[in-house]
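**Student:** Before anything else, here's the structure in question.
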Amino acid sequence: MLSSLLAILPVFLIVLSGFGASKVGIIGSDAASLLNRFVIWIALPCLLFDVVGTTDWNQMWHPGFAIASLGGSFAVFALGLVVGKMRGLRLGDVAIDGMNASYSNAVFIGLPMLTLALGPAARPHVVVAGTVTLTALFAAGVMLIEADRAQGNGMARAAWRILTGMARNPVIVSPLAGLLWWLTGWPLAAPVKQFLELLGGTASPVALVAVGLFLSQRPLVAAVVSPAVWLLSCIKLIVHPAITAFLAWRLLALPNDIAVTAIAIAALPTGTGPFMIAEFYARDGRVTSGTIMLTTLLSVGTIAAVLFLLR
């Protein structure tokens, strides 16, 4: 339990730094949007290209794990869409709710926490979940948002706008470019590798600072007590690992260590990806920021409980 708390504590401190910097006037009110654009257009593409382009997928790839991770994530993505429809939202905002319910914080929280809790053998699977699964969720969310923006333009023009919108989105393009680079078999030059690592390493902390800035401009209590926030948080922390457990053990009969890792990743709190997309497309981020904060708070207990039960 203490190890889970210590692994999550830096997340709160980074969010708190952004919150405090805004409250004392060090950073202006428009900084959240600017920082988010930095993450979306520069830092996160570098991170995704570096991870996808330099990972030894022949050694790390496990089809059963990928199926369990993708299947569980898209099942709760669909439940998040239902929550958004129940709230009477447009398709673009419904897509954000789908990501709120399914987007695990696999990189910033999952990698250090699960390596500590499950051992180094869990790292390759966390990398797969942090690239393949989350990139697929990004693509699904962006596709729905672009479809919403293209409504009323006719089927052909709408399809063209969706495709061109996704082709211009750096979060979609960068991992695909990384995959193409990996297929060449060429290593990255040392200066390029260091460039990608330095910039990519700023993605999660800068995004968390942006969340803190965003929260400082809105009543935090109002966000956390929102029924939608609680419903999405319950889906993320309870339903997501439950569905993944069913897929991993009942349907796929995965080896126990791989199944446990998939379930533990599903039990992670909501990451900053939905917030990045909400800011990028100028969507309302109140429920998203509330879900990130609440799931991160509650995950101290739920992750500890999941790991205890799995052991």
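**Student:** Suppose we filter region 160-206 for residues that are of a type in the set (A, V, I, L, M), in a helix (DSSP H, G or I), modelled with pLDDT of 90 or more and over 21 Å from Asn36 (Cβ atoms); how many remain?
**Tutor:** Counting residues in region 160-206 that are of a type in the set (A, V, I, L, M), in a helix (DSSP H, G or I), modelled with pLDDT of 90 or more and over 21 Å from Asn36 (Cβ atoms) gives 5.
**Student:** Now, a different point. Let me spell it out: the conditions are (1) at pLDDT below 90; (2) under 16 Å from Phe74 (Cβ atoms), and Phe246 meets all of them except one. Which number is the exception?
**Tutor:** (1)
**Student:** Of the numbered conditions (1) over 27 Å from Pro187 (Cα atoms); (2) open to solvent by less than 80 Å² (accessible area, probe 1.4 Å); (3) modelled with pLDDT under 80, Ser29 fails exactly one; give the number of that condition.
**Tutor:** Here Ser29 clears every test but (2).
**Student:** Checking the structure you have, find out if any residue of region 101-118 is open to solvent by less than 50 Å² (accessible area, probe 1.4 Å), of a type in the set (Gly, Ala, Ser) and over 14 Å from the mean Cα position of the chain (by Cα).
**Tutor:** Within region 101-118, one or more residues are open to solvent by less than 50 Å² (accessible area, probe 1.4 Å), of a type in the set (Gly, Ala, Ser) and over 14 Å from the mean Cα position of the chain (by Cα).
**Student:** Now, a different point. I'm trying to understand the selection: among the residues of region 251-272, which are in a helix (DSSP H, G or I) and either under 20 Å from Ile235 (Cα atoms) or among the aromatic types (Phe, Trp, Tyr) (or both)?
**Tutor:** Here is the first cut: in region 251-272, the residues in a helix (DSSP H, G or I) are 251, 256-266.
Once the filter is applied, which keeps residues that are in a helix (DSSP H, G or I) and either under 20 Å from Ile235 (Cα atoms) or among the aromatic types (Phe, Trp, Tyr) (or both), region 251-272 yields Ala259, Val260, Thr261, Ala262, Ile263, Ala264, Ile265, Ala266.
**Student:** What's the total number of residues in region 6-50 that are free of Cβ contacts under 8 Å to residues at least 60 places away in the same chain and among the β-branched types (Val, Ile, Thr)?
**Tutor:** Narrowing region 6-50 to residues free of Cβ contacts under 8 Å to residues at least 60 places away in the same chain: 6, 9-10, 13, 24-26, 28, 30, 34.
If we keep only those that are among the β-branched types (Val, Ile, Thr) as well, we get 24, 26.
Result for region 6-50: 2.
**Student:** Okay, moving on. With Val239, Val306, Val260 as the choices, which residue is open to solvent by 20 Å² or more (accessible area, probe 1.4 Å) and farther than 17 Å from Val83 by Cβ? It would help to see each step written out before you state the result.
**Tutor:** Details: Val239 fails: farther than 17 Å from Val83 by Cβ; Val260 fails: open to solvent by 20 Å² or more (accessible area, probe 1.4 Å).
Unique residue meeting the criteria: Val306.
**Student:** Can you name the condition, by its number, that Gly28 falls short on among (1) closer than 22 Å to Leu215 by Cα; (2) part of a helix (DSSP H, G or I)?
**Tutor:** For Gly28, the failing item is (2).
The values are calculated or read from the model by the stated rules, or taken from the named source; none is laboratory data. All of these numbers come straight from a predicted model, not from anything done at the bench. Cβ coordinates were reconstructed from backbone atoms using ideal geometry, including for glycine residues, and neighbour counts include every protein chain displayed. Only protein heavy atoms, including side chains, enter the accessible area calculation; ligands, DNA and RNA are left aside. Shrake-Rupley method; radii C 1.70, N 1.55, O 1.52, S 1.80 Å.
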